[in-house]
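Please read the structure below before turning to the comments.
The values are calculated or read from the model by the stated rules, or taken from the named source; none is laboratory data. Small disclaimer: the values here were computed from a predicted structure and weren't measured. For neighbour counting, all protein chains shown are included, and Cβ atoms are generated from backbone atoms with ideal geometry for every residue, glycine included. Quick note on the areas: whole protein, heavy atoms, side chains included, nothing else; ligands and nucleic acids left out. Shrake-Rupley method; radii C 1.70, N 1.55, O 1.52, S 1.80 Å.
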Amino acid sequence: MNNKNTIINAILAVAVVVLFILHFTNNNKSRSAVTTTTVTGDSVVARMPIAYIELDSLINNYKYANQVQEELMREMESRQATVNQKGRNLENEMRDFQKKVENNAFFDQARAQREQERILKLQQQFQELNQKLQMELMQLEADKMKALSDTIMAHVEKYNNEVGRYQMIFTNKSSDNIIHADPVYDITTEVTQYLNDHYAPAKEEDK
């Protein structure tokens, strides 16, 4: 279960990380550049109108991301249960066929051949079902990742319009994109709070 959670969290994070790179590096070019200054000891440090978001923390604490994770987990478990049951049924059919062959239970070769062909067809159907369920899950993941990305994009843009503070917002996933940054530029907590404040859980009939 923990492995599945880790995989889904990784998928969520990777799916979302691109949106900030593609969007916030270009969307705010029309805003006028604003620089603030902070006095530190005897020096004056320029503060650029930029910020970054720790994506792992955002995904772990955003309620909608947690909802998506739970939904994907349920779908994965449901499909895996179907595959497991079909697999057990196929194993039983193959075991029964093998016993009949060993005990010479078939009256003639033609009947044994027909039974063998039936077993082979069941094997093919099992493989096709497994592939079908995997493809359905991949498509479901893609749809939910897009919905999550679109939601985060829209709310972060709305947040920035309201605060009117930043010309560029980066994402950082396990220090992949930002090697070092002053914590003053980290807006993860406030953005996560903003997203959760605007989170409305879907009703059962809407799922």
Checklist entry - How many of the residues in region 160-175 are in contact (Cβ under 8 Å) with a residue 12 or more places away in the chain and either over 23 Å from the mean Cα position of the chain (by Cα) or open to solvent by 50 Å² or more (accessible area, probe 1.4 Å) (or both)? => result 7
Next on the checklist: Any residue in region 91-109 that is assigned to a helix (DSSP H, G or I) sitting within a Cβ distance under 7 Å of a residue that is at pLDDT below 85 and surrounded by 10 or more Cβ atoms within 10 Å (Cβ to Cβ)? List the pairs, counting only those 6 or more apart or interchain.
Outcome noted: LYS100/PHE106
Item to check | Residue in region 71-104 that is modelled with the lowest pLDDT, counting only those that are open to solvent by 50 Å² or more (accessible area, probe 1.4 Å), farther than 30 Å from MET145 by Cα and among the hydrophobic types (A, V, I, L, M, F, W, C) | outcome: VAL101
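Given the structure, is PHE107 among the hydrophobic types (A, V, I, L, M, F, W, C), more than 22 Å from GLU54 (Cα to Cα) and in contact with a Leu (Cβ under 6 Å, 6 or more places away or on another chain)? Walk me through it before giving the result.
On the way: among the hydrophobic types (A, V, I, L, M, F, W, C): yes; more than 22 Å from GLU54 (Cα to Cα): yes; in contact with a Leu (Cβ under 6 Å, 6 or more places away or on another chain): no.
For PHE107, the condition - among the hydrophobic types (A, V, I, L, M, F, W, C), more than 22 Å from GLU54 (Cα to Cα) and in contact with a Leu (Cβ under 6 Å, 6 or more places away or on another chain) - is not met.
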